[in-house]
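Scroll down for the structure; my scribbles are underneath it.
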Amino acid sequence: MQKKYSMLLMVLALGFLGGTVSECYAANTSDSAEFLSIQGKAQARTGPTAVWQDAVKGATLGVGAEILTGSASSCEIRMSTNREGAVKLGADSHAVLTALNPILIDLSSGKIFSLVKNLKKGSSFEVRTPTAVATVRGTGWEQTAHAVYVFNGTVHVIGKNGQEVDVPEGFGVTVGDDGSLGELFQLSDEMRSEWHGFNNGLAESTLFVGGASDENNTDSAEDLMNSKEDSQQQSKEDDVTKLKGEPATSDGGGTYSTSTK
């Protein structure tokens, strides 16, 4: 009888803990992000030694949180601290929120769409892959380990070999395994279609505008999405932040680490 009672307490405790973790993947939420939407299968955890949990809409993500998407799946995440932007992870993607103030996301596999808005002066928004880093203020782009496509504003791309290029709106650049950058090319309508879906979806999202609990927020979705005008007013010095570390790597066994110079 005592054994059965102990087992019952253990099951109840595990159920309670599982429900708590599913709502927060952050050890410290002073700088945080949150899930806007989830399509298909996505998981998150607080760090490399934590247990993977199914992602939940509205759940909080802290510094060091990892996100993993399954096949035919995606998720959208808002950078909550100052509502400075949002990202969409495509299928079979693995990303780490290395820093949230300023924002630094390490993408070890898959692809990411990024929309940046309302960055404070002196702040930055960077996405790193094993081959290159992209840094912007007030713009939108898609990035994988082997290409960067710019849909709004200008993106400064630095290959891991030190080669640099500014990629303007409507153009893309390929990235080699060694970080070498190819010639700029014009984006096709097909390349733009998924971006427009992400962009339009955020424009309709009350969570991106300010969240259901933020009744006093007066920013309109149209203002938040109109990043092109803001990006044209920013100086080149604000647009470019140099690469300050090596890309994050995965050892294939679930352990994720970053290294800096």
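Laboratory data are not the source of any read-out in this text; all were calculated from the coordinates shown. This is a predicted model, so every value here is computed, not measured. Cβ atoms come from the backbone with ideal geometry, glycine included; neighbour counts cover every protein chain shown.
Output wanted: per-residue J couplings in Hz (rounded whole) for the range 181-194, from phi through Karplus 6.51 cos²θ - 1.76 cosθ + 1.60, θ = phi - 60°, x for Gly and Pro.
The phi angles translate into 9, x, 6, 5, 9, 7, 6, 8, 4, 5, 5, 7, 4, 5 Hz.
For the range 36-178, what percent of Cα pairs sit more than 20 Å apart?
43
List, in the order given, every pair from 88/121; 41/121; 57/117; 57/111 whose Cα-Cα distance in the structure shown is over 26 Å.
Violating the 26 Å limit, Cα to Cα: 41/121.
Rounded if a/c is under 1.5, else prolate if a/b is larger than b/c, else oblate: which is the range 101-146, with a ≥ b ≥ c the root eigenvalues of its Cα gyration tensor?
It comes out prolate by the Cα gyration axes.
Run through the range 60-150 and list the chymotrypsin sites (Phe, Trp or Tyr not before Pro) located in a DSSP loop whose Cβ has at most 11 other Cβ atoms within 10 Å.
Those that pass, being in a loop and sparsely packed, number zero.
Fewest to most neighbouring Cβ within 10 Å: what's the order for 120, 88, 41?
By the 10 Å Cβ count, ascending: 120, 41, 88.
Which order do 73, 193, 109 fall in if you start with the one that has the fewest other Cβ atoms within 10 Å?
Ascending number of Cβ neighbours within 10 Å: 193, 109, 73.
Within 10 Å of each residue's Cβ, count the other Cβ atoms and sort 192, 128 from fewest upward.
Final ranking by Cβ density, sparse to dense: 192, 128.
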